[in-house]
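The values are calculated or read from the model by the stated rules, or taken from the named source; none is laboratory data. The shown structure was predicted, so the numbers you read here are calculated from the model rather than taken from an experiment. Please note: Cβ atoms are built from the backbone with ideal geometry, for glycine as well, and neighbour counts cover all protein chains shown.
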Amino acid sequence: MVPTPPAPPSIRLRREDTSILFVDIQVRLAAAMPPEALDSALRAWVLLVEAAGRLRLPTAVSEQYPKGLGPTLPVLRESLGKLAPPARFFEKLDFSAADQPILTQLLGQGRRSVIVVGMEAHVCVYQTARDLVTRGYQVHVPIDGVVSRRDLDYDAALRLYDRAGVVTTSTEAVVFDLLGRAEGEEFKALSRLIK
């Protein structure tokens, strides 16, 4: 008799088990990004901030060397500041945010899934996602929510995510997975933003 292989781990997102990390979405870094890619990512980030608020997802925001790269984009910082529970902002110099005390504290609440978005896809987002996977977290990276200055680096990031065990997805897929059902005020509000 041939043994049945073990079932693959579930990649389903559940709101009670999920956090969101916004990585280095900063003014001077954003200015270096291709405008069309940045606009697309900004739509994804705004939707994820709204989802975090409506679904009460713990949220963290990293800023890489803000003295040089500036603060988080004002349009996002304002929205993130209104979340309940409040978003946790932290500065870093390491490319990976995985070892930062605030993030460790946020993830230490027993949540095992992390949605990671931001800039740049092939540097800080990749290193953070990779390091979180090695620590046992299930990491989802919506590919419309990450951006790099060059297409070559963005494409490399997508391949690196797959090799690292990251779930590559889209913002819409993430939101509907967290909702789970097509009913209620949360569904109505978030689906209006997607249209």
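Those residues that are at positive phi and at pLDDT below 95, I need them from the range 138-195; list them, please.
180, 184
Based on what the data block shows, is residue 72 out of contact with any helix residue (DSSP H, G or I) (no Cβ under 6 Å at 6 or more places or on another chain), touching a residue at least 40 places away in the same chain (Cβ under 8 Å) and among the hydroxyl-bearing types (Ser, Thr, Tyr)?
yes
Within the group 55, 48, 29, 42, which residue is crowded, with 19+ Cβ neighbours inside 10 Å and within 23 Å of residue 177 (Cβ to Cβ)?
48
Checking residue 18 against (1) loosely packed, with under 14 Cβ neighbours inside 10 Å; (2) polar (S, T, N, Q); (3) within 18 Å of residue 125 (Cβ to Cβ): exactly one of these is not met. Which one?
(1)
Within the range 40-49, which residues are over 10 Å from the mean Cα position of the chain (by Cα) and over 17 Å from residue 89 (Cα atoms)?
Within the range 40-49, 40, 41, 42, 43, 47 qualify.
Taking into account only those residues within the range 139-167 that are in a helix (DSSP H, G or I) and among the small types (Gly, Ala, Ser), which is farthest from residue 45 (Cα to Cα)?
164
To keep it simple, each residue is scored yes or no on (1) in contact (Cβ under 8 Å) with a residue 12 or more places away in the chain; (2) polar (S, T, N, Q); (3) within 13 Å of residue 48 (Cβ to Cβ).
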{"site": "133", "(1), (2), (3)": "yes, no, no"}
{"site": "168", "(1), (2), (3)": "yes, yes, no"}
{"site": "172", "(1), (2), (3)": "yes, no, yes"}
{"site": "177", "(1), (2), (3)": "yes, no, yes"}
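Condition first: farther than 15 Å from residue 154 by Cα and in a loop (DSSP other than H, G, I, E, B). Now tell me which residues in the range 117-134 satisfy that.
Scanning the range 117-134 gives no hits.
Taking into account only those residues within the range 117-137 that are charged (D, E, K, R) and closer than 28 Å to residue 30 by Cα, which is surrounded by the most Cβ atoms within 10 Å (Cβ to Cβ)?
The extreme case among them is 120.
I need the full set of residues from the range 58-116 which are part of a strand (DSSP E or B) and either more than 13 Å from the chain's Cα centre (by Cα) or surrounded by fewer than 16 Cβ atoms within 10 Å (Cβ to Cβ) (or both), in order please.
Once the filter is applied, which keeps residues that are part of a strand (DSSP E or B) and either more than 13 Å from the chain's Cα centre (by Cα) or surrounded by fewer than 16 Cβ atoms within 10 Å (Cβ to Cβ) (or both), the range 58-116 yields 63, 64, 72, 88, 89, 90, 91, 92.
Could you tell me how many of the residues in the range 168-195 are in a helix (DSSP H, G or I), under 30 Å from residue 131 (Cβ atoms) and of a type in the set (S, T, N, Q)?
Of the residues in the range 168-195, 1 are in a helix (DSSP H, G or I), under 30 Å from residue 131 (Cβ atoms) and of a type in the set (S, T, N, Q).
Could you identify the single residue in 30, 37, 44 that is assigned to a helix (DSSP H, G or I), modelled with pLDDT of 95 or more and under 25 Å from residue 107 (Cβ atoms)?
On inspection, the qualifying residue turns out to be 44.
Yes or no: residue 24 acidic (Asp, Glu), modelled with pLDDT of 95 or more and surrounded by fewer than 24 Cβ atoms within 10 Å (Cβ to Cβ)?
No.
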